[in-house]
1. Applying the selection to segment 152-177, what residues are open to solvent by less than 80 Å² (accessible area, probe 1.4 Å), within 29 Å of Leu89 (Cα to Cα) and more than 23 Å from the chain's Cα centre (by Cα)?
2. Pairs under 8 Å by beta carbon, first residue surrounded by 15 or more Cβ atoms within 10 Å (Cβ to Cβ) in segment 178-190, partner of a type in the set (Phe, Trp, Tyr), six or more apart or different chains?
3. Among the residues of segment 240-261, which ones are open to solvent by less than 30 Å² (accessible area, probe 1.4 Å) and of a type outside the set (Ser, Thr, Tyr)?
4. I need every pair where a residue in segment 219-243 that is part of a helix (DSSP H, G or I) has its Cβ under 7 Å from the Cβ of a residue that is of a type outside the set (Phe, Trp, Tyr) and open to solvent by 30 Å² or more (accessible area, probe 1.4 Å), sequence separation at least 6 or different chains.
5. Could you tell me which numbered condition Ala192 fails, if it satisfies all but one of (1) within 20 Å of Gln269 (Cα to Cα); (2) out of contact with any Gly (no Cβ under 6 Å at 6 or more places or on another chain); (3) not in a helix (DSSP H, G or I)?
6. Would you mind finding the one in Met1, Met16 that is at pLDDT 85 or above and farther than 30 Å from Gly167 by Cβ?
Amino acid sequence: MLAFILRRLLQAVIVMVTVAFIAFMLFQFVGDPVAILLGQDATPDQVAEMRAALGLDKPFVVQFWHFLVNAAQGEFGLSLRQGAKVSRLIAERFPATLELSLVAAFIALALGVPMGVYAALRRGSFMSQLFMTLSLLGVSLPTFLIGILLILVFSVTLGWFPSFGRGEVVQLGWWSTGLLTAKGWHHIVLPAITLAIFQLTLIMRLVRAEMLEVLRTDYIKFARARGLSDRAIHFGHALKNTLVPVMTITGLQLGGLIAFAIITETVFQWPGMGLLFIQAVTFADIPVMAAYLCLIALIFVVINLVVDLLYFVVDPRLRVGGKGGH
């Protein structure tokens, strides 16, 4: 177990250094921060002084090392657009994105798994066919179109939910949350559903496919031959083994929800990291772009590590390095 964790940590460090290098290259090839800060009318002496102050006059390797050390401490400099520390901007926006992603993931899991199980156990039924048809729509429709349609129906036409913003939030130290207020829940409903629909359909189809495959295995046939009830077979044996591969997809999709909430946050003007990133791309705010890239990579690395550890706990056959292999 310790060797497994150490291997995964080493891989994580390699991945993060690689991502940090890509983020660092943004400073080299995406605009000139000195020109952005000083403008086109700056004198050569002012440009040279600013480059020295930013450390841009040092060799490439030294600059990258300083970037790595600062990034490990969560420091990415100042935003070229807002003039504030990037770490503070990320800390202000991260709670909104994380809450939106967690609520969307909960909706996707709470509905996707039961719908997938039902579609597998009741193949050919009207509800099963309806679920599969809706899943095709959920996979096919782009996220921004789903968001616009929800706004049109539930905000403009019916007036049930607000179409933008986060609502009332509560400060818990440096963390802000809207999940402790009624207005916060009222505002998060539409963006969370918009973000969850694609993940919900993906999880439902995956659970259905895995469930059908497990139900065809020999040990399920032996369980039936022993006289076990359908309930015990379906939920005591089949579902448990079905959820093992679902864990991987769910973990990766949670990272995807956080990383790709950009479109949903833009449609609903949700004050999260995705909206901050879009604004940074528009202005070529390189420090914010680099910080966003590194943070998303860190989230994916942590989620992958947690999923691997859950594999280790749930299914001993999947232990890496064992005699049986993987």
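The values are calculated or read from the model by the stated rules, or taken from the named source; none is laboratory data. What you see is a predicted model; the values in this text were computed from it and never measured. Cβ coordinates were reconstructed from backbone atoms using ideal geometry, including for glycine residues, and neighbour counts include every protein chain displayed. SASA here: full protein model, heavy atoms, side chains in, ligands and nucleic acids out. Shrake-Rupley method; radii C 1.70, N 1.55, O 1.52, S 1.80 Å.
1. Result: Phe161, Pro162, Val170, Gly173.
2. Gly178/Trp185; His186/Phe161; His187/Phe161; Val189/Phe161; Leu190/Phe154; Leu190/Phe161; Leu190/Phe268
3. Val244, Val246, Gly251, Gly255, Gly256, Leu257, Ile258, Ala259, Ala261, listed by residue number.
4. Filtered contacts from segment 219-243: Ile220/His237; Ala223/His237; Ile233/Arg224; His234/Leu121; Ala238/Leu215; Thr242/Glu210.
5. (3)
6. Met16
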